[in-house]
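*Asks:* Take this structure, written in structure tokens, and hold onto it; I'll ask about it next.
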Amino acid sequence: MSNPILVTGAAGRVGAVARTVTKLLLEQGKTVRALVRNEDDRAQALRDMGASRKQIQSITGMWAVLSTAAGLLFVGSRVASAESPEPKGPSPVIATPTPAKVPPVPVAGPLAGPRSLKQVGLPIRQTLAEIPADNPQTPEKIALGEKLFFEPRLSADGTVACASCHNPERAFTDGRPTSVGVQGRVGQRNAPTVLNALYNKKQFWDGRTEALEDQAVMPITNPSEMGQASLDTAVAMLRAIAEYKEEFQHVFGQDPTGLTLVRAIAAYERTLLSFDSPFDHFIAGDPNAIDDAAKRGWALFNTKAKCNRCHASVNRDVTYFTDFEFHNIGIGILRHHVTPLALKAMQEIKKGDLPAVDRAAIQSGFSVLGRFLVTRQEADVASFKTPTLRNVLVTAPYFHDGSMQTLWDAVDHYNKGDGLKDPWLDDDIEPLALTEDEIDDLVAFMASLTSPEYKEIGIKEFARQRDLARISRPQRDTARAFGPKPEKPKAPSLTNDSSHP
């Protein structure tokens with residue numbers, strides 16, 4: 001099968017080749033990793049697709065030129081219009097929030113450095129097993145990855161770095177309901193912590209990638225995050241800086257490429273381990289490591305509150321405080337009119353088109369569909385990954401949309417079994433009948449999951465949330481919390497809907 005690509009025009013067509021080849025690779029079932037390989041690997045991918053020698057020479061010869069030009073044109077320009085496909089007409093689901101002020105890029109301080117393997121509670125064997133054979137750890141690679149993590153020049157306008165959304169001072173989150181990217185573009189998703197991300201079976205709230213290397217690609221090229229035209233555009237910037245060329249030659253034996261860029265970032269992220277909390281010491285045998293309220297909260301976690309249904313893995317293992325699965329917990333589904341959104345997504349976004357899914361998740365109202373955007377399984381409508389509870393005290397606000405301000409709000413949400421009219425609500429969501437004292441105990445337990453480097457921050461944050469909860473509890477509904485579990489409405493069929501071809 002031949003896929004001729006015609007390159008015409010200049011500035012008005014910049015980035016067309018990159019987008020077209022990306023689309024073709026995805027149509028051929030290539031992973032995101034295939035998009036970041038060097039020129040030789042990309043040429044081989046094109047040969048696999050049936051492209052002629054002349055076509056390959058044309059594409060590979062112009063790729064770097066166009067990518068570099070795109071990098072220049074995109075600074076101060078409308079990144080979204082350059083990266084997104086040409087619209088067929090106005091879409092009612094494209095999010096257009098008022099731009100926010102872009103905060104300064106955090107500086108790499110003491111909390112940014114690699115963490116010790118000698119932490120109480122850290123699963124050393126599993127940690128070592130998570131290092132991929134094709135990207136072994138070295139001190140030099142990790143140091144380069146940390147430098148790149150804080151590098152704003154990886155963004156289209158030089159204002160945003162990985163650390164902008166994953167600030168070490170905030171346990172690698174940003175403290176916002178949803179994150180802010182280039183030109184103040186406000187996204188649709190709350191920034192999850194990068195701490196312990198190496199254990200994740202899948203990355204992002206909707207699990208659209210697996211390896212950390214693949215995850216690192218998407219924020220760089222998402223128009224509402226770092227906004228580069230392509231990964232090659234970011235690489236061109238690195239190649240133009242003698243210091244980076246020298247460091248990549250030292251670490252990888254070659255000039256920067258897309259693959260080595262994301263491998264360095266992923267190597268750094270795999271060092272961000274966070275255990276050694278008071279709870280870890282308690283489980284290890286120190287009965288005085290946590291107070292009585294936290295002990296009562298731990299008992300509730302495993303019984304009446306039913307937290308362990310999602311925040312523990314096989315055999316109730318709480319090492320990671322997540323089951324690594326995806327659940328619909330009733331967040332905001334009614335106000336988003338999910339059924340027509342799901343039908344529209346099936347019509348407009350090709351299954352497996354990861355760049356399109358990435359844009360939809362961050363830029364549009366399709367974001368509420370969660371895992372469904374990736375799998376197209378009806379059971380995954382509005383389902384999102386179970387986040388870890390480790391350091392949860394210092395990673396507010398909560399849930400995929402940042403809609404809960406305090407841990408008291410989050411527990412209130414579960415206590416009333418929210419999502420009464422959500423036809424895809426997870427079966428484990430039901431009224432819990434927790435008293436106010438029991439809610440306080442649960443919050444005390446979650447506070448005990450704070451690692452020592454965030455102890456002082458955690459003390460201040462606990463006081464802030466407690467004071468706010470005393471005057472504002474918008475999710476509290478005692479009548480529903482102590483009422484019966486309502487019958488879940490029948491979910492409308494999506495895959496058999498007559499409006500879907």
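The values are calculated or read from the model by the stated rules, or taken from the named source; none is laboratory data. From a predicted model like this one, the values you see are computed outputs, not experimental measurements. Cβ atoms come from the backbone with ideal geometry, glycine included; neighbour counts cover every protein chain shown. Ligands, DNA and RNA are excluded from the accessible area calculation, which covers all protein heavy atoms including side chains. Shrake-Rupley method; radii C 1.70, N 1.55, O 1.52, S 1.80 Å.
*Asks:* Just to be sure before I move on: is Gly285 under 30 Å from Val392 (Cα atoms) and without any contact (Cβ under 8 Å) to a residue 60 or more places away in the chain in the structure I sent?
*Replies:* yes
*Asks:* On to the next question. Would you mind listing the helices (runs of 4 or more DSSP H) fully within the range 253-335 where at least 3 residues are open to solvent by 10 Å² or more (accessible area, probe 1.4 Å) and of a type in the set (A, V, I, L, M, F, W, C)?
*Replies:* Numbers: elements: 258-269, 278-283, 292-302.
Passing ranges, in order: 292-302.
*Asks:* Regarding the range 108-119, can at least one residue be identified that is outside any loop (DSSP other than H, G, I, E, B) and more than 23 Å from the chain's Cα centre (by Cα)?
*Replies:* Going through the range 108-119, the residues outside any loop (DSSP other than H, G, I, E, B) turn out to be 110-112.
Imposing the further condition that a residue be more than 23 Å from the chain's Cα centre (by Cα) reduces the set to 110.
Within the range 108-119, one or more residues are outside any loop (DSSP other than H, G, I, E, B) and more than 23 Å from the chain's Cα centre (by Cα).
*Asks:* What's the number of the condition Thr257 fails, among (1) more than 30 Å from Ser230 (Cα to Cα); (2) in contact with a helix residue (DSSP H, G or I) (Cβ under 7 Å, 6 or more places away or on another chain)?
*Replies:* Going through the list (1) more than 30 Å from Ser230 (Cα to Cα); (2) in contact with a helix residue (DSSP H, G or I) (Cβ under 7 Å, 6 or more places away or on another chain), Thr257 breaks only (1).
*Asks:* Does Ala379 satisfy the condition of being over 28 Å from Gly227 (Cα atoms) and either assigned to a strand (DSSP E or B) or among the small types (Gly, Ala, Ser) (or both)?
*Replies:* Numbers: over 28 Å from Gly227 (Cα atoms): yes; either assigned to a strand (DSSP E or B) or among the small types (Gly, Ala, Ser) (or both): yes.
Yes: the conditions hold for Ala379.
*Asks:* Suppose we keep only residues that are under 20 Å from the mean Cα position of the chain (by Cα) and on the phi > 0 side of the Ramachandran plot within the range 395-432. Which one would you say is least open to solvent (accessible area, probe 1.4 Å)?
*Replies:* So the residue we want is Gly402.
*Asks:* Which pairs turn up if I take residues in the range 294-307 that are closer than 15 Å to Glu430 by Cα and of a type outside the set (Phe, Trp, Tyr) and look for partners that are modelled with pLDDT of 95 or more and assigned to a loop (DSSP other than H, G, I, E, B) with beta carbon separation below 7 Å, at least 6 apart in sequence or on another chain?
*Replies:* Lys304/Leu432; Lys304/Leu434; Ala305/Leu432; Ala305/Leu434; Lys306/Leu432
*Asks:* Pick from Val338, Val357: which is modelled with pLDDT of 95 or more and in contact with a Leu (Cβ under 8 Å, 6 or more places away or on another chain)? Even if it seems obvious, please write down each step before you answer.
*Replies:* Details: Val338 fails: modelled with pLDDT of 95 or more.
One residue alone meets the criteria, Val357.
*Asks:* What single numbered condition from (1) more than 13 Å from the chain's Cα centre (by Cα); (2) aliphatic (A, V, I, L, M); (3) under 18 Å from Thr271 (Cα atoms) fails to hold for Val194?
*Replies:* (1)
*Asks:* How many residues does the range 351-382 contain that are within 13 Å of the chain's Cα centre (by Cα) and either over 20 Å from Asp214 (Cβ atoms) or of a type outside the set (A, V, I, L, M, F, W, C) (or both)?
*Replies:* 5
*Asks:* Additional query: Under 8 Å by Cβ, and 6 or more places apart or on different chains, what pairs join a residue from the range 357-370 that is among the hydroxyl-bearing types (Ser, Thr, Tyr) with one that is part of a helix (DSSP H, G or I)?
*Replies:* Every condition considered, the pairs that remain are Ser367/Ala360; Ser367/Ala361.
*Asks:* Quick check on the range 437-463: of everything there that is charged (D, E, K, R) and over 26 Å from the mean Cα position of the chain (by Cα), which residue is farthest from Lys118 (Cα to Cα)? Even if it seems obvious, please write down each step before you answer.
*Replies:* As a first pass, look at the range 437-463 and keep what is charged (D, E, K, R): 437-438, 440-441, 453, 455-456, 460-461.
Still in the list and also over 26 Å from the mean Cα position of the chain (by Cα): 437-438, 440-441, 456, 460.
Working: Asp437: 36, Glu438: 34, Asp440: 32, Asp441: 29, Glu456: 21, Lys460: 27 Å.
In this case the residue turns out to be Asp437.
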